[in-house]
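A quick write-up on the structure given underneath.
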Amino acid sequence: MTLTKRIIPCLDVDRGRVVKGIRFVNLRDAGDPVEQALEYERQGADEIVFLDITASSDNRETVIDMVRKTAYELSIPFTVGGGVRSYADVRRVLMAGADKVSLNTAAVQNPRLITEGAEIFGSQCIVVAIDAKRISEGKWEVYTHGGRRATGMDAVAWAVKAEEMGAGEILLTSMDFDGSKDGYDLDLTRRVSESVNIPVIASGGAGNPSHIYEALTAGKADAALAASIFHYAEYTVGDVKRYLMERGVPVRAVQSSQQEEKGQPA
Amino acid sequence: MRVAVLDMGLGNLLSIRRGIERAGQGTAAGLDTGPGSGARAGVEVIVAQRDRDADGADAVVIPGVGAFRDGARALLERFGGTVERIRSGEIPALGVCLGMQLLFTRSFEGGEYPGLGIIRGDVVRLPPTVKVPHMGWNSVRVLRRCALTRGVQDGEHFYFVHSYYCRPEEESVTVAETEYGVPIPAMVAKGTVFGTQFHPEKSGEAGRAVIRNFLEAAVR
């Protein structure tokens, strides 16, 4: 019995609609975050991350509505990030049914927010998202505001501090590799993963299943997040898991829904 | 049948409520409301705020959110009568995650706090050799076939999120275990009281089958 490595598709949501959704899939409404999430659940996703990229802040109700609908339908865990600025936001998102919230800029500006959230809801609900940019060999700087603002903070040190403050998990994005499809920043991922005693989700750079394999082995990540390789149906979550399984990485087996129906006890 | 989810005021109960409803929509014999019963779903879930809300329930679910100390206090303050009915075997109960830990004698989470003591044993921190919380999908091994483990395959995966784990005094209460640094009871059963350390409501089809097992055991 081994704790499996998690595969986590990420959905970007703008004003309650999925921006880059799964293509070539027979969904009634490809812009509907709930339908997209359910499709990933069927494919064998272990969790889902929703990233709210809406620029304006007057859409909180739209997000909460999405969280509620998702919690109603999904039977795997999901995280909501983006625009979570205050304790009130943390509370609203979690009380609407999200399993975790991910804090990025707000956590840098006010690390107490991590502690407050963890004390009330438990560490497992509080994910700290770190956007890191390489500044020299073995050095990465934390950026906030969607990667627009440098903080001068060291990414590894910030991950350690976030754990101390009560974070239950680190979602680590390499800004240098994000969108490159050249693979994750394995040095960064390994450095952070070896420095903290909480799970680390690698993010940014996945272009094929071997990149995910590397992040989970050489990079020592506990989970891998990917967006575009799933959205454009280049690979299904099942394809990635089969690839990992063949190479000895422990993952949760993927069953088709038909098999599951047959497998149910009468 | 009616299932009461005990609201200890510690978090959102939508997921567990929906998990029970989804499991109840199965066609398993014990839950089948049959044609003409008028009920689309076989299971009605009540989120109980106090003892009397749970009065008419056929089964109780103790949910899995929050800290041990707060959970234990809320259970005894709000649901003292229900707890006694669980203890006496009058009403079947399923504790989920923290809800399972609350069934035990005491916990060392953030101090030392007494639990319900329905199952004798302690709740202790996971060892420092592993990353804490234990978060994600882990597989289980079935140690004993019972109402809760019926149909569960060895190696089946469930979603775990916890930093503390149960150490029952009697080995026989552990009906399925997982491993994370140490062997961890994944499912426990004692008479009509059951517990899952994992979140069945977050464990896809495998979790749904376990909730259904509990519901079937409760109507029997």
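The values are calculated or read from the model by the stated rules, or taken from the named source; none is laboratory data. Please read all numbers here as calculations on a predicted model, not as lab measurements. Counting neighbours? That spans all protein chains shown, and the Cβs are built from the backbone with ideal geometry, glycine included. Note: areas computed on protein heavy atoms with side chains; ligands, DNA, RNA excluded. Shrake-Rupley method; radii C 1.70, N 1.55, O 1.52, S 1.80 Å.
Quote the charge dipole size of region A:6-251 about the Cα centre in Debye, to the nearest 20; the model charges only the Cβ of Lys and Arg (+1) and of Asp and Glu (-1).
On the way: 28 positive and 36 negative charges, 39 e Å.
In total the dipole reaches around 180 debye.
Find the eigenvalues of the gyration tensor of the Cα atoms of the protein assembly as shown, then list the square roots of 5 times those eigenvalues as equivalent ellipsoid semi-axes, largest first, in whole angstrom.
Numbers: eigenvalues 256, 119, 95 Å².
So the equivalent ellipsoid measures 36, 24, 22 Å along its semi-axes.
With viscosity set to 1.567 mPa s and temperature to 4 °C, compute the Stokes-Einstein D of chain B, Rh being the Kirkwood radius across alpha carbon pairs; µm²/s, no decimals. Display every interim value, and only then the final one.
Details: Rh = 17.1 Å.
The Stokes-Einstein estimate is 76 µm²/s.
Using the Cα centre of the protein assembly as shown as the reference point, and only Cβ charges (+1 on K/R, -1 on D/E), how large is the resulting charge dipole? Debye, rounded to the nearest 20.
On the way: 57 positive and 63 negative charges, 71 e Å.
Dipole magnitude for the protein assembly as shown comes out near 340 debye.
Please give the average number of partner chain Cβ atoms lying within 10 Å of the Cβ of each residue in B:125-137, rounded to a whole number.
On the way: counts 0, 0, 0, 1, 1, 2, 9, 6, 7, 3, 13, 12, 12.
Rounded to a whole number, the mean comes out at 5.
Of A:K220/A:K241; A:K5/B:K202; A:K5/A:K69; A:K100/A:K133; A:K139/A:K241, which sit over 20 Å apart, Cα to Cα?
Values: A:K220/A:K241 17 Å; A:K5/B:K202 16 Å; A:K5/A:K69 27 Å; A:K100/A:K133 25 Å; A:K139/A:K241 32 Å.
With Cα atoms farther than 20 Å apart: A:K5/A:K69; A:K100/A:K133; A:K139/A:K241.
Using the alpha carbon gyration tensor of region B:122-220, what are the three equivalent-ellipsoid semi-axes (square root of 5 times each eigenvalue), largest first, in whole Å? Don't skip to the end; give the middle numbers.
On the way: eigenvalues 93, 47, 24 Å².
So the three semi-axes of region B:122-220 are 22, 15, 11 Å.
Please list, in chain and number order, the residues 5+ apart from A:V19 or on another chain whose amide H is under 5 Å from its amide H, with Hs placed from the backbone.
Amide H to amide H, under 5 Å and 5 or more residues apart or across chains, A:V19 pairs with A:D12, A:V13, A:D14.
Measure off, as a whole percent, the carbon and sulfur share of the 1.4 Å-probe accessible area of the protein assembly as shown, all protein chains present. All intermediate terms of the calculation are to be shown ahead of the outcome.
Values: 8780 of 18910 Å².
C and S fraction of accessible area: 46 percent.
For a quick check, take a GNM of chain B with Cα springs below 10 Å and name the residue from B:V96, B:V65, B:V132 with the largest mean-square fluctuation.
B:V132
Ignore the peptide's own chain and count Cβ atoms of other chains within 10 Å of each Cβ in B:158-166; give me the average, rounded. Display every interim value, and only then the final one.
Numbers: counts 1, 8, 2, 9, 2, 4, 0, 0, 0.
Per residue, the average neighbour count from other chains is 3.
Of all beta bridges DSSP finds with both residues in chain B, what is the antiparallel percent, to the nearest 5? Don't skip to the end; give the middle numbers.
Numbers: 25 of 43 bridges.
Rounded to the nearest five, the antiparallel share is 60 percent.
Rounded to a whole number of µm²/s, how large is the Stokes-Einstein D of chain A at 10 °C and 1.306 mPa s, given Rh as the Kirkwood radius over C-alpha pairs?
Details: Rh = 18.5 Å.
My calculation gives 86 µm²/s for D.
Defining a contact as two alpha carbons under 8 Å apart and six or more residues distant in sequence, what relative contact order in percent does chain B show? Intermediate results must be reported in sequence, preceding the final value.
Details: 503 pairs, mean separation 46.6, N = 220.
Taking the mean separation of contacting Cα pairs over the length of chain B, I get 21 percent.
Which value in deg cm²/dmol, rounded to the nearest 500, describes the helix-derived mean residue ellipticity at 222 nm for the protein assembly as shown, given -39,500 (n - 2.57) per DSSP H run of n ≥ 4 and division by the residue count?
Values: 15 runs with 150 residues, N = 486.
Value at 222 nm, helices only: -9000 deg cm²/dmol.
Can you tell me the accessible area per residue over chain B, all protein chains present, probe 1.4 angstrom, in square angstrom?
I get 37 Å² per residue for this part.
Mind listing the long-range amide H neighbours of B:L94? Cut-off is under 5 Å, sequence gap 5 or more, other chains count too, H placed in the peptide plane at 1.01 Å from N.
B:V60, B:V61, B:I62, B:F194
For region A:6-251, report the accessible area per residue in Å² (1.4 Å probe, heavy atoms, rounded to an integer).
On the way: 9440 Å² over 246 residues.
So region A:6-251 comes to 38 Å² accessible per residue, rounded to a whole number.
Compare B:K202, B:K190, B:K131 in a GNM of chain B, Cα atoms joined below 10 Å, and give the one with the largest fluctuation.
B:K131
Please report the buried accessible area for the interface of A with B, total over both chains, probe 1.4 Å, in Å² to the nearest 100. Present the calculation step by step, with values, prior to reporting the outcome.
Values: alone 12360 and 9720 Å², together 18910 Å².
The A and B chains share an interface burying roughly 3200 Å².
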